[in-house]
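**Student:** Can you keep this structure in mind? I'll have questions shortly.
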């Protein structure tokens, strides 16, 4: 941008916003969900590209809301049509194992009354899915995810977290 645009016009304002959009930092957004079965176990996904298991969900696409993202991801990856419920936590994640920092939105996905159908899993991303008691999630999740679940469970309202811990 060689000249300062005329900010008194719509064209000038759009030009300036485009300039800022090209140069301002962008932070990745992630949406995940807590899905329980009838006995209260949590669904954890065994992923093809991570050592630790993870909650269902994924990266928010440009122009997509986090709630829509988690619904899309569980439909695409697990073959489940679910509605994102209450927002349980917003968690800032510092850089981790080569990943840049991100903001994670954690939603309640309710209770699944039926069995999972592994034939519907998106196999390039999901190796398997497991029902795990809350007392056992630490042995399967990355430390930040285990901290996030514990903090969200203790919160009286939507929790704002940094690296899984209340600020």
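None of the figures in this text is laboratory data; all of them are computed from the coordinates on show. The model shown is predicted, which means the values in this text are computed figures rather than measured ones. Glycine also receives a Cβ, built like all others from the backbone with ideal geometry; neighbour counts cover every protein chain displayed.
**Student:** How far apart, in nanometres, would the label points at residue 28 and residue 154 be if each is projected 7 angstrom from Cα along the Cα-to-Cβ direction?
**Tutor:** 2.8
**Student:** To continue, here is another question. In whole angstrom, note down how far apart the Cα centers of the range 11-29 and the range 79-158 are.
**Tutor:** Distance between centres, Cα-based: 31 Å.
**Student:** Could you work out the relative contact order of the chain? I mean the mean sequence separation of Cα pairs under 8 Å and 6+ apart, divided by the number of residues, in percent.
**Tutor:** Reported relative contact order: 26 percent.
**Student:** Which of 96, 19, 144 moves the most in a Gaussian network model of the chain with Cα springs under 10 Å?
**Tutor:** 19
**Student:** Further question: Which value results when the Cα radius of gyration for the chain is divided by 2.2 N^0.38 Å?
**Tutor:** Relative to the 2.2 N^0.38 Å estimate, the chain comes out at 1.22.
**Student:** What FRET efficiency comes out for residue 167 versus residue 20 if R0 is 41 angstrom and r is the Cβ-Cβ distance? Round to the nearest 0.05.
**Tutor:** 0.90
**Student:** Over the chain, what is the percentage of antiparallel beta bridges among all DSSP beta bridges, to the nearest 5?
**Tutor:** 60
**Student:** Still on this structure, I have one more. May I ask for the angle, rounded to the nearest 10°, between helix 10-23 and the longest principal axis of the chain, with both axes built from Cα atoms and the value confined to 0 to 90°?
**Tutor:** That works out to roughly 50 degrees.
**Student:** What angle, in degrees between 0 and 90 and rounded to the nearest 10, separates the Cα long axis of helix 66-78 from the longest principal axis of the Cα atoms of the chain?
**Tutor:** That works out to roughly 50 degrees.
**Student:** Here's something else I'd like to know. Beta carbons within 10 angstrom, averaged per residue: use that to sort the peptides 133-142, 65-74, highest first.
**Tutor:** Sorting 133-142, 65-74 by mean packing, highest first, produces 65-74, 133-142.
**Student:** At 0.36 nm per residue, and after removing the present C-alpha to C-alpha distance, how many nm does the segment from residue 125 to residue 97 gain when stretched out fully?
**Tutor:** 8.3 nm
**Student:** Restricting to DSSP H runs of at least four residues, report the calculated mean residue ellipticity at 222 nm for the chain, -39500 (n - 2.57) per run over all residues, nearest 500 deg cm²/dmol.
**Tutor:** Taking each H run of at least 4 residues, the total per residue is -7500 deg cm²/dmol.
**Student:** Angle, helix 143-154 long axis vs. longest principal axis of the chain, Cα atoms, 0 to 90°, nearest 10?
**Tutor:** So the helix axis and the longest Cα principal axis differ by about 80 degrees.
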